[in-house]
1. Which count do you get for residues in the range 196-231 that are in a loop (DSSP other than H, G, I, E, B), at pLDDT below 90 and within 16 Å of the ligand (Cβ to nearest atom)?
2. Within the range 432-447, which residues are surrounded by 11 or more Cβ atoms within 10 Å (Cβ to Cβ), within 18 Å of Arg378 (Cβ to Cβ) and not small (Gly, Ala, Ser)?
3. Against the definition (surrounded by fewer than 19 Cβ atoms within 10 Å (Cβ to Cβ), among the small types (Gly, Ala, Ser) and either over 20 Å from the mean Cα position of the chain (by Cα) or part of a loop (DSSP other than H, G, I, E, B) (or both)), how does Ser667 come out, yes or no?
4. Give me the residue from the range 294-310 that is over 16 Å from His233 (Cα atoms) and out of contact with any strand residue (DSSP E or B) (no Cβ under 7 Å at 6 or more places or on another chain) and, out of that set, farthest from the ligand (Cβ to nearest atom).
5. Report yes if some residue within the range 533-550 is more than 16 Å from Gly639 (Cα to Cα), in contact with a Gly (Cβ under 9 Å, 6 or more places away or on another chain) and free of Cβ contacts under 8 Å to residues at least 60 places away in the same chain; otherwise report no.
6. So, of the residues in the range 547-566 that are over 36 Å from the mean Cα position of the chain (by Cα) and assigned to a helix (DSSP H, G or I), which turns out to be farthest from Ala599 (Cα to Cα)?
7. Being under 27 Å from Tyr651 (Cα atoms) and either assigned to a loop (DSSP other than H, G, I, E, B) or polar (S, T, N, Q) (or both) is the filter here, so list the residues in the range 573-599 that pass it.
8. For the range 379-461, give me every one of the strands (runs of 3 or more DSSP E) that falls completely inside it and has 2 or more residues that are among the β-branched types (Val, Ile, Thr) and within 19 Å of Glu357 (Cβ to Cβ).
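The values are calculated or read from the model by the stated rules, or taken from the named source; none is laboratory data. From a predicted model like this one, the values you see are computed outputs, not experimental measurements. Cβ placement follows ideal geometry from the backbone for every residue including glycine, while neighbour counts extend to all protein chains displayed.
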Amino acid sequence: MGQSAEQSTAARVQTLRSQLQAASYAYYVLDAPDLPDEVYDRLYRELQDLEAAHPELVTPDSPTQRVGERPAAQFTSVRHNIPLYSLENAFDLAEFRAWEERWRRQAPDVGAVDYVAELKIDGNALALTYENGLLVRGVTRGDGVAGEEITQNVRTIRSIPLRLNTDTPPAVVEVRGEAFLALDVFEQINAERAERGEAPFANPRNAAAGTLRQLDSRIVAARKLDFFAYTVHFHEGENSKFKIQNSKLSPSTQWAALQLLQSLGFRVNPNRQLCRSAADVQAYYDEWATRRARLSYLTDGVVVKLNDFALQQQLGFTQKFPRWAVALKYPAEEVPTILENVSFQVGRTGAVTPVAELHPVQLAGTTVARATLHNADRLAELDIHQGDTVIVRKAGEIIPEVVRVLAELRPDHATKIAMPTHCPQCGSPLVKPEDEAVTRCINSSCPAIVQGAIIHWTRRDALDIEGLGEKWVKQLVEQGLVQSVADLYGLSEQVLEPLDRMGQRLAQKLVGAIAASKARPWAAVLYGLGIRHVGTVNAKTLAQHFLTVEALAAASPERIETVHTIGPEIAQAVAQWFQVPANQTLIDRLRQAGLQLAATPEEQAQAAGPLAGKTFVLTGTLPTLTRPEATELIEAAGGKVTSSVSKATDYLVAGEKAGSKLTKAESLGIAILSETDLRALIA
Ligand code: IVH
């Protein structure tokens, strides 16, 4: 190839890189996508091809270089140039005022000051080093003095620029901020872990920490970490040229530093505020006390920093903290309390869950008296004893759990709590497969299992039997009136009326509600059966493909697996369920009782609709349709709507303010539709 041709290839590579980089910035940092996905993909592939043909043109800041090929063997420990200090906590405005008085005693001549209030992101601090504008190193906080070098993983975070957006970069600059996982991403990771039988992460912070320490950066890339930058350190001496050339860019306040970070290409939290007084700080703190619940990530407080860097420098640091900043925390989401007892709950699948009965405590605004201990493994790991002081946590949407035991506070002669060997409900021996975390009761007539199965049967998405709540089901099972869901259809007013607090009117209503459930569609009945892995979505899919219960019962696992989105595990569970004689009897009895065990003619028409067999996910705000309306439209045309994007998704319908689902769909190469596209597809 001639010299000019090489030059033009190099120029093309350069153009592609800046176009891709700009699009990625718009998408991940500004949250304002400006390039259609197909175009991005086309440019990306062109760049990949050119780089493959001309390896000498590959640069470390190329968008193609975000994900490494080979897992790291281990991480190396790196000493921080400047320690990563932690922050002193204040729990209310009085404590904030006390902090303020303390720094003022150190700087008695200082008059009115400005503070910068920022959200305290509940993630993991990272220190990023850029040399001559290029990202060369990413290090975890570690113990604050030394951390682990995880550059390869940091490169996968799309909101971290690989090259600073400036023509005159400083020789060395260190940017610090918080890596975190958005709540929906966190939930998805946990759902995937649960599916694989792995223990869930307790909270997004742990999930982010675990992700950052993954040795395989390809896994990190799939987990969608995000990053907010909050400080910038210029290493003195090495940057005089930069400082002179960028006098405007060399900040003298925190407020300007955040502005600078933003202009260098970082994502900076937009919810920051310049405060002129403690009253302003209080107003900001109060405002976010409620607003933070609506954020897509967790914050555990507000960080208040003195705005003026000269004053910051004058005040300096204690052994552990900067004197010029304080974390104004929101009420604890982790509190100590006393473990009074442990009870063992048996769920509808027979899974036995240890539950901590606690001395009631206030936690994140609610009273907590019970918390999950998850399973036998967790129980053993915690080494929990009666009367122990335990730490209970509630974060975001997560149910309270015992996270730690303070063994040093254990009362003398306390008895250790162990998993029972026999079912606390029916007394039959419990089983725990070696490779599973779950301990199970496998007696299908165990009252706890029967009760759970009936409650599941009554759920709105299943047979939707209104009024048949837990307390009635408990009585019915305990009195031997109901041993299976089929027995519900033999109940009469005369049998129900004598139950404690029932009465004639309620009995009449319940009998009516039970009778009405016979009209529920085949898919709802299938879901109601409570077969493992068959949730509402899988039930709908299966019911659409197998138009009668006979067809489904006769299908081999291999046949069931041919259905789009149905994997081998689900297929196996379904086929196995229909093999069990007691389940076959149950189906016969339900048929006799008059339940819908086949698709209606309309449903059959739907199964042949234009969207039959296609799986959709909705995200963002659509111009005219609400979520339920869009769902109805898709389902009426034979399509299926699920809540999270996976390889099984056929289309993502995206409206305005689409978030991480869009990102994920794009990375999986899933077709993205607008509302108009959707309507066109149906028409
Ligand atoms: S500034 C020297 N700003 O909170 C002061 N920290 O409890 C450095 N954090 O280790 C911290 N959001 O991981 C600062 N806007 C924010 C923050 C923030 C979260 C974390 C950070 C730090 C911890 C201290």
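1. 2
2. Initially, the range 432-447 is screened for residues surrounded by 11 or more Cβ atoms within 10 Å (Cβ to Cβ), giving 432, 436-447.
Remaining after also requiring within 18 Å of Arg378 (Cβ to Cβ): 432, 436-440.
Hits for the range 432-447 are Lys432, Glu436, Val438, Thr439, Arg440.
3. Working: surrounded by fewer than 19 Cβ atoms within 10 Å (Cβ to Cβ): yes; among the small types (Gly, Ala, Ser): yes; either over 20 Å from the mean Cα position of the chain (by Cα) or part of a loop (DSSP other than H, G, I, E, B) (or both): no.
No.
4. That would be Arg294.
5. Looking only at the range 533-550, we keep the residues that are more than 16 Å from Gly639 (Cα to Cα), and these are 533-535, 548-550.
Narrowing the set further to residues that are in contact with a Gly (Cβ under 9 Å, 6 or more places away or on another chain) leaves 533.
Imposing the further condition that a residue be free of Cβ contacts under 8 Å to residues at least 60 places away in the same chain reduces the set to 533.
Yes, the range 533-550 contains at least one residue that is more than 16 Å from Gly639 (Cα to Cα), in contact with a Gly (Cβ under 9 Å, 6 or more places away or on another chain) and free of Cβ contacts under 8 Å to residues at least 60 places away in the same chain.
6. Across the range 547-566, the extreme among qualifying residues is Ala554.
7. Once the filter is applied, which keeps residues that are under 27 Å from Tyr651 (Cα atoms) and either assigned to a loop (DSSP other than H, G, I, E, B) or polar (S, T, N, Q) (or both), the range 573-599 yields only Ala599.
8. Details: elements: 389-393, 401-405, 439-441.
Fully inside the range 379-461 and qualifying: 389-393, 401-405.
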